[in-house]
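*Asks:* Take this structure, written in structure tokens, and hold onto it; I'll ask about it next.
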Amino acid sequence: MLCLTVRAGEIPLESDDWTLREQKNGVTIYTREQPGSDYKAFKAVTVLDAPIEAVMAVMANPQSCLEWVKGCLHVEGFDERSFNDRYAYSVNDMPWPVRDRDYVIHIRTSAKEIPGSIVMHMTSDPDRRPRVEGLIRLTVTQTHYIFTPTADGRTRMIWLQHSEPGGILPSWLVNALIVDIPLESIEALNKIVQDPRYRGRTLVYQSGELVGLSG
């Protein structure tokens with residue numbers, strides 16, 4: 001069993017306590033109780049109609065958040081040490097009258113040429129950027145993307161996430177949104193991976209390790 005460690009516990013990739021919440025447009029959403037938290041984790045599973053190179057071209061572009069992540073209002077990439085080690089700052093829209101949230105994440109990407117899966121770990125680093133007046137900073141959020149090429153040239157995507165939204169926010173509202181967010185986001189992602197801007201790329205490996213994209 002592959003377990004991805006988060007601050008409030010663990011998000012297991014496979015576990016009997018994942019509950020099926022939705023199946024729509026080729027996307028399957030599961031949720032589970034997160035130990036020590038009032039807010040649930042989610043797992044979204046789908047197959048994107050694009051090669052893994054196009055998917056990674058989208059994921060490597062911080063501004064693509066505005067194109068596919070539901071509620072993404074603003075994003076900045078910064079402190080990029082390498083393709084595999086970088087940071088991003090983002091602002092997310094929240095339903096009125098809830099205040100918008102912002103967060104700072106450390107993005108680490110790892111992959112080996114064999115077997116070919118690419119894993120992105122996004123963990124909160126709230127003090128890396130100054131607080132912004134009027135926004136509530138998320139202090140605990142972890143996201144994991146697992147991308148695997150399929151035999152027919154598409155990409156299997158698994159998206160796991162758990163966040164503590166901060167402030168006074170009812171758990172029922174957040175637990176409702178964690179189904180809509182991945183469903184609508186993946187629908188948008190499946191569209192933008194067709195954009196010519198993200199096509200014709202090549203994954204670059206050195207000594208069997210993924211180090212970037214070319215093209």
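The values are calculated or read from the model by the stated rules, or taken from the named source; none is laboratory data. Please read these numbers as outputs of a predicted model, since none were measured by experiment. Counting neighbours? That spans all protein chains shown, and the Cβs are built from the backbone with ideal geometry, glycine included.
*Asks:* Does Glu80 fit the bill of being assigned to a loop (DSSP other than H, G, I, E, B), without any contact (Cβ under 8 Å) to a residue 12 or more places away in the chain and on the phi < 0 side of the Ramachandran plot?
*Replies:* No: the conditions fail for Glu80.
*Asks:* If you don't mind, another one. Scan segment 102-126 for residues that are charged (D, E, K, R) and modelled with pLDDT under 95 and jot them down.
*Replies:* Residues satisfying the conditions are Lys112, Glu113.
*Asks:* Of all residues in segment 85-110, which are aliphatic (A, V, I, L, M) and under 14 Å from the mean Cα position of the chain (by Cα)?
*Replies:* Passing the criteria: Ala88, Val104, Ile105, Ile107.
*Asks:* Looking at segment 194-209 only, could you name the residues that are under 19 Å from Arg154 (Cα atoms), of a type outside the set (Val, Ile, Thr) and part of a strand (DSSP E or B)?
*Replies:* Leu203
*Asks:* Right, something else. Between a first residue in segment 129-143 that is in contact (Cβ under 8 Å) with a residue 60 or more places away in the chain and a second residue that is among the β-branched types (Val, Ile, Thr), which pairs have beta carbons less than 7 Å apart while being 6 or more apart in sequence or on different chains?
*Replies:* Short answer, once both residue conditions are applied: Gln142/Val6; Gln142/Thr123.
*Asks:* Given (1) assigned to a loop (DSSP other than H, G, I, E, B); (2) touching a strand residue (DSSP E or B) at 6+ places or on another chain (Cβ under 7 Å), where does Ala151 come up short, assuming only one miss?
*Replies:* Only one criterion in (1) assigned to a loop (DSSP other than H, G, I, E, B); (2) touching a strand residue (DSSP E or B) at 6+ places or on another chain (Cβ under 7 Å) is unmet by Ala151, namely (2).
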